[in-house]
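A quick write-up on the structure given underneath.
The values are calculated or read from the model by the stated rules, or taken from the named source; none is laboratory data. Keep in mind that what you see is a predicted model, and the values were worked out from it rather than measured. Methodologically, a virtual Cβ is constructed for each residue, glycine included, from the backbone with ideal geometry; neighbour enumeration extends over all protein chains shown. Each accessible area value is taken on the protein alone, full model and side chains, heavy atoms only, with ligands, DNA and RNA left out. Shrake-Rupley method; radii C 1.70, N 1.55, O 1.52, S 1.80 Å.
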There are 4 protein chains.
Amino acid sequence: MASEFTLVRRVEFSETDMAGIVHFSNFFRYMETAEHGFYRSLGFSVIMDNFDPPLGFPRVHAACDYKRPLRFEDTVEIHLLVKEKRSRVLNYAFRFLKLPANGGVAELVATGELTVVCVSHGGEKMEAVPIPSELAAKIEVAPAALLAS
Amino acid sequence: MASEFTLVRRVEFSETDMAGIVHFSNFFRYMETAEHGFYRSLGFSVIMDNFDPPLGFPRVHAACDYKRPLRFEDTVEIHLLVKEKRSRVLNYAFRFLKLPANGGVAELVATGELTVVCVSHGGEKMEAVPIPSELAAKIEVAPAALLAS
Amino acid sequence: MASEFTLVRRVEFSETDMAGIVHFSNFFRYMETAEHGFYRSLGFSVIMDNFDPPLGFPRVHAACDYKRPLRFEDTVEIHLLVKEKRSRVLNYAFRFLKLPANGGVAELVATGELTVVCVSHGGEKMEAVPIPSELAAKIEVAPAALLAS
Amino acid sequence: MASEFTLVRRVEFSETDMAGIVHFSNFFRYMETAEHGFYRSLGFSVIMDNFDPPLGFPRVHAACDYKRPLRFEDTVEIHLLVKEKRSRVLNYAFRFLKLPANGGVAELVATGELTVVCVSHGGEKMEAVPIPSELAAKIEVAPAALLAS
């Protein structure tokens, strides 16, 4: 069972804006990429086409708090923690840390949150359904101490 | 004095993802575009290079709640309301409405929020400063009834 | 019958990069948006789901030549011209003009090209097929003089 | 001296579009990321702020030919080759290979091209200048056999 996942990436030029920093919308793409890496680490893909009807995980809530800017070629560590697990809903907390170029201490640049719902989509209609038990069995809520830190 | 702004746009192909709907991160780009249109409607640009040192409005908080999917070629109305105005901080509430193709009732697809801080950036250092009085004088908080609806 | 289409848009903040100009990849999104507007102006959508199997227009070639930078809040006119029309293939030429803020002469900022193929996609397999005659009948190649200008 | 660089990345969800494949504009972002990795492999950054006035490498030409679709979670190898090196100009050729999930043969999904010019930008004006000799000394044109393959 797993309750966290860490992704490290380097900021790309196309992710910056004219203010010289990562455009704020890209933090949401980073969160999603970490989420999908988390499923992959459990042996799943977010695209569950082998279910009939196929399942997906649309987002119902997304939020981000920005503390420091992130710049081109910065190395950022995106840390995902499972904050809440319900029958049809998963809630993730994220921390974005800028890793120092020459050793030293990592800086917290942002925190985020994502709430996703498991849905089946036969045709146009989407309907919330329980997360498949094979996947749910592998996910657990992170310890309170970790979530609070 | 103004407390709201409305932007209408048509969903572009490159804004969709493989789930066939607008990628959730694009709602944040839509919010920002409405915010910049709001400043423009007041005779300002978000880029205030004519101040010395130049001013900017980095985001410190962004959030979105998704209710219904938005699809390619849908027409979406983004409605900005000023929710809070402080000396150095502005907080905006957003509503995303899908306009019906053939008359009928607009559907609420999402709500959002953006908090921005006025900063001066001489060199690398950014420092929160009061919003220029010329701009602040034109912005007022929307009536409670509007914000609650 | 139509051989051209013009789209005007204002550069958005999220389309810029840390060099302070529109990121070069966004010119390709602009071209595609003009192409889709062209189909819409003829009464069609690029998504042809009412055919069985459904049709689409994947790109096989895209190119752009950049002459001048485009900046935040610039107004850009994207001009599409049909350069070549074959049974299964359409080739478009594009010109990007920056419209002057206070009258004056528009500046050519870039030229581009897009080649798209009509395909049917039953299942995973895509196969080139003739452009539907209803659509093909409305598209014609632009006069040589226009293409050369 | 170096004449090539290889970057491997996994396709992210936000890079796909409603056709279920990587949006064609993203191949240009992939090319640029490989180009910047190439400079970094030589000990440089594309942002040369330590020169006075600072130098940059805006694109003057970009092109891509698409052969096969690339999908979510595909692993793609982006191969950069130096095709031409002039005093102020570099021209790169790219190959995009989809790496097979379970061994087997890599598939060519696209080829591309990027031409960049070295410019100095003191103030608003940009002017083409020679590539710094420290960087130019490390870059060489790839063997004809490699470029032709």
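7 Å along Cα→Cβ for the label point: how many nanometres lie between C:Glu77 and each equivalent label in the other copies, listed shortest first?
3.1, 4.8, 5.4
Assuming R0 = 51 Å, what is the FRET efficiency of C:Leu108 and B:Leu147, from their Cβ-Cβ distance, to the nearest 0.05? Could the numbers behind the result be given before it?
Details: r = 46 Å, r/R0 = 0.90.
Efficiency, from the Cβ-Cβ distance: 0.65.
Along Cα-to-Cβ, 7 Å out, sits the label point; list in nm, shortest first, how far the one on A:Thr6 is from those in the other copies.
Shortest to longest, the spacings are 2.8, 5.0, 5.7 nm.
Quick one: in chain A, whose Cβ comes closest to the A/D rotation axis, and how close in angstrom?
A:Arg9, 5
Scale the Cα Rg of chain B by the rule-of-thumb value 2.2 N^0.38 Å and send over the ratio, two decimals. Walk me through the numbers before you get to the answer.
On the way: Rg = 16.4 Å, N = 149, 2.2 N^0.38 = 14.7 Å.
So chain B has a normalised radius of gyration of 1.12.
Which percent of the accessible area of region C:75-149 is formed by carbon and sulfur heavy atoms (probe 1.4 angstrom)? Could the numbers behind the result be given before it?
On the way: 2060 of 3670 Å².
In region C:75-149, the share of accessible area belonging to carbon and sulfur is 56 percent.
Going toward the positive end of the dipole of chain D, with +1 on Lys and Arg Cβ and -1 on Asp and Glu Cβ, which of D:Leu90, D:Gly103, D:Phe24 do you reach last?
Checked the options; the winner is D:Gly103.
Using θ = phi - 60° and the Karplus form 6.51 cos²θ - 1.76 cosθ + 1.60, what ³J(HN,Hα) does each residue of region A:128-135 get, whole Hz, x for Gly and Pro?
Per residue, the Karplus-derived 3J(HN,Hα) values read 5, 9, x, 4, x, 4, 4, 7 Hz.
In whole Hz and in residue order, list the ³J(HN,Hα) couplings for region B:107-118 that follow from phi through the Karplus curve 6.51 cos²θ - 1.76 cosθ + 1.60, θ = phi - 60°; x for Gly and Pro.
Rounded to whole hertz, the list is 10, 6, 9, 6, 10, x, 8, 9, 10, 10, 10, 7.
Would you give the gap between the C-alpha center of region D:1-75 and the C-alpha center of region A:71-116, rounded to a whole Å?
24
Per-residue Cβ counts within 10 Å, from other chains only, averaged over A:48-60: what number is that? Numbers along the way, then the final one.
Details: counts 0, 0, 0, 0, 0, 0, 0, 0, 3, 1, 5, 7, 6.
Mean partner-chain Cβ count within 10 Å for A:48-60: 2.
Beyond 31 Å between alpha-carbons counts as too far, so tell me which of B:Lys138/D:Lys125; A:Lys98/C:Lys67; A:Lys85/B:Lys85; B:Lys98/B:Lys138 fall in that bin. Please report the intermediate quantities before stating the final value.
Details: B:Lys138/D:Lys125 35 Å; A:Lys98/C:Lys67 36 Å; A:Lys85/B:Lys85 36 Å; B:Lys98/B:Lys138 29 Å.
Table pairs above 31 Å Cα-Cα are B:Lys138/D:Lys125; A:Lys98/C:Lys67; A:Lys85/B:Lys85.
Can you work out ³J(HN,Hα) from phi for every residue in region B:19-30, in order, using Karplus 6.51 cos²θ - 1.76 cosθ + 1.60 and θ = phi - 60°, giving whole Hz and x for Gly and Pro?
Taking θ as phi minus 60°, the curve returns 7, x, 10, 4, 4, 4, 5, 6, 4, 6, 5, 4 Hz for region B:19-30.
At a probe size of 1.4 Å, how large is the accessible area of A:Leu99, to the nearest 10 Å²?
Ignoring ligands and nucleic acids, A:Leu99 comes out at about 50 Å².
Accessible area per residue of the protein assembly as shown at 1.4 Å probe, in Å²?
Working: 25310 Å² over 596 residues.
On a per-residue basis, the protein assembly as shown sits at 42 Å².
Note the distances from A:Leu42 to each other copy's matching label point, with points 7 Å along the Cα-to-beta-carbon direction, in nm, sorted shortest first.
4.5, 4.5, 4.7
What's the average, rounded to a whole number, of partner chain beta-carbon atoms within 10 Å of each residue's beta-carbon in A:108-118? Display every interim value, and only then the final one.
Numbers: counts 0, 0, 1, 0, 2, 1, 1, 2, 1, 1, 0.
The shielding value for this peptide is 1.
What's the magnitude of the charge dipole for the protein assembly as shown around its Cα centre, counting Lys and Arg as +1 and Asp and Glu as -1 at the beta-carbon? Answer in Debye, nearest 20.
0
What does the charge count around D:Phe72 come to, taking other residues whose C-beta lies under 10 Å from its C-beta (Lys +1, Arg +1, Asp -1, Glu -1)?
-3
Please state the shape class of the protein assembly as shown: rounded when a/c is under 1.5, otherwise prolate if a/b exceeds b/c and oblate if not, all from the C-alpha gyration tensor.
Working: a/c = 1.16, a/b = 1.09, b/c = 1.07.
Rounded, since a/c falls under 1.5.
Using amide H atoms built in the peptide plane, which far-off residues or other-chain residues are under 5 Å from A:His61 H to H?
Placed amide hydrogens put A:Thr115, B:Tyr66 under 5 Å from A:His61.
Please get the size of the charge dipole for region A:31-140, origin at its Cα centre, with Cβ charges of +1 on Lys and Arg and -1 on Asp and Glu, quoted in debye to the nearest 20.
On the way: 13 positive and 15 negative charges, 60 e Å.
My answer is approximately 300 debye.
For peptide C:70-77, what's the mean number of Cβ atoms from other chains within 10 Å of each residue's Cβ? Walk me through the numbers on the way to the answer.
Numbers: counts 0, 3, 6, 5, 0, 0, 0, 0.
Other-chain Cβ atoms within 10 Å of each residue's Cβ, averaged: 2.
Could you work out the helix-only [θ] at 222 nm for chain A, with each DSSP H run of four or more residues adding -39,500 (n - 2.57) and the total divided by the number of residues, to the nearest 500 deg cm²/dmol? Walk me through the numbers on the way to the answer.
Working: 3 runs with 25 residues, N = 149.
Helix-only estimate at 222 nm: -4500 deg cm²/dmol.
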